[in-house]
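What follows is one structure encoded as structure tokens, with my remarks underneath.
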Amino acid sequence: MATHGARGRSGGRPTLEEVAARAGVGRGTVSRVINGSPRVSDATRAAVEAAVAELGYVPNTAARALAANRTDAIALVVPEPETRFFSEPYFSDILRGVGAELSDTEMQLLLIFAGNDRERKRLAQYLAAHRVDGVLLVSVHADDPLPDLLAQLEIPSVISGPRSAGETLPSVDSDNYGGGRSAAEHLLSRGREHIAHITGMPDVYGAQRRIDGYREAMEDAGREPLIESGDFTEESGYLAAQRLLSRNPLLDAVFAGSDVMAAGARQALREAGRRIPEDVALVGYDDSAIARHMDPPLTSVRQPIEEMGRHMLDLLLTEIADRRPAVSRGLERRQIVVATELVVRASS
């Protein structure tokens with residue numbers, strides 16, 4: 001015997017219209033609730049959800065996606081070489097956060113690399129065909145054309161960190177300025193005199209903000225900043241530390257813009273006969289597994305990367321539900337900045 005509400009008045013599967021009649025709302029309101037639109041009151045949402053449960057209504061996701069011109073798929077786009085994606089914990093943590101938030105939806109996640117011109121051209125053609133409902137863009141450089149392409153195509157998009165202070169797309173980032181400043185202030189509090197910073201890529205806004213935080217803390221303490229460029233890779237940290245030792249043999253502290261670069265710097269320091277932390281204190285950024293397993297354990301600025309991934313997806317789903325990007329709506333920019341925290345360990 002069928003359970004109550006399992007069939008509609010026609011004797012078949014309950015329809016959207018029957019759910020609307022039971023809830024006392026319009027068909028469009030039911031559709032918005034089912035599609036997760038934020039433009040529905042809590043009371044209305046509860047009434048629709050109760051009607052869905054009572055009738056046993058099961059949405060036809062394929063038909064709904066077709067009718068709404070949706071694909072029920074989003075893309076996580078990484079404009080970097082695949083080797084960097086798989087070697088840096090930042091990317092896997094972002095992916096883990098996105099995946100955790102996405103598990104409660106019916107949407108699929110596509111991972112797309114766009115680290116060279118050929119891949120970017122192919123991606124542009126793919127996006128122009130509107131084969132995804134939205135895009136999460138990770139590791140954005142200042143001159144990256146992808147955000148502007150997404151805005152032009154009116155594809156809902158969220159980026160992991162703004163390209164500049166005037167970013168127009170929704171973004172999620174950590175307090176990079178505060179993180180850089182706290183690292184420098186910690187090393188100053190330890191009595192270190194010659195404190196250097198190994199930076200990330202200079203065309204990444206987050207790396208610029210870490211430099212700003214470090215530099216201002218040093219200048220406020222009456223110390224001369226000592227900066228060497230890196231690119232977030234272990235090799236760049238190694239080479240930058242070698243250059244720093246050559247520039248200033250009195251070097252007694254290094255703040256690296258990522259834990260991966262800190263690992264490279266540690267190797268260079270050890271090869272030069274410098275003990276950590278007795279001779280040179282070392283601080284990283286990200287508080288990844290690398291920091292916890294390093295010898296000695298690495299002091300690092302923690303940014304909640306998984307949480308950032310969850311925020312990114314939440315913002316994107318809101319954009320998709322509204323069906324118009326924030327830029328075209330002319331609304332206030334949706335930008336989330338999460339706090340960082342210095343985790344002190346034996347390396348400093």
Checking the structure you have, find out if any residue of the stretch 190-207 is among the small types (Gly, Ala, Ser) and open to solvent by 20 Å² or more (accessible area, probe 1.4 Å).
yes
May I ask you to verify whether GLY206 is assigned to a helix (DSSP H, G or I) and more than 21 Å from ASP279 (Cα to Cα)?
yes
When you scan the stretch 165-178, do you find a residue that is in contact (Cβ under 8 Å) with a residue 24 or more places away in the chain, within 29 Å of LEU245 (Cα to Cα) and not small (Gly, Ala, Ser), even just one?
yes
Please tell me if ASP231 is surrounded by 15 or more Cβ atoms within 10 Å (Cβ to Cβ) and of a type in the set (Asp, Glu).
yes
Could you grab me the full set of residues in the stretch 238-254 that are in contact with a Ser or Thr (Cβ under 9 Å, 6 or more places away or on another chain) and either within 19 Å of VAL343 (Cβ to Cβ) or not assigned by the TED database to the domain that holds ARG181 (or both)?
ALA253
List every residue pair whose Cβ atoms sit under 6 Å apart, with the two residues 6 or more apart in sequence or on different chains, where the first one lies in the stretch 271-299 and is open to solvent by less than 20 Å² (accessible area, probe 1.4 Å) and the second, anywhere, is among the small types (Gly, Ala, Ser) and in a strand (DSSP E or B).
ALA281/ALA253; GLY284/ALA256; GLY284/SER300; ASP287/SER300; ALA291/GLY284; ALA291/SER300; LEU298/GLY284
Return only the number of the condition from (1) in contact with a His (Cβ under 8 Å, 6 or more places away or on another chain); (2) within 15 Å of SER348 (Cβ to Cβ) that ALA281 does not satisfy.
(1)
Restricting to the stretch 15-44, what's the tally of residues that are among the hydroxyl-bearing types (Ser, Thr, Tyr) and assigned to a helix (DSSP H, G or I)?
3
Quickly run through the stretch 249-270 and pick out the residues that are within 20 Å of SER288 (Cα to Cα) and acidic (Asp, Glu).
ASP259
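The values are calculated or read from the model by the stated rules, or taken from the named source; none is laboratory data. What you are looking at is a predicted structure, and each value in this text was computed from that prediction instead of being measured. Positions of Cβ are backbone-derived with ideal geometry, glycine not excepted, and every protein chain shown enters the neighbour counts. Accessible surface areas use protein heavy atoms only, side chains included; no ligands, DNA or RNA. Shrake-Rupley method; radii C 1.70, N 1.55, O 1.52, S 1.80 Å.
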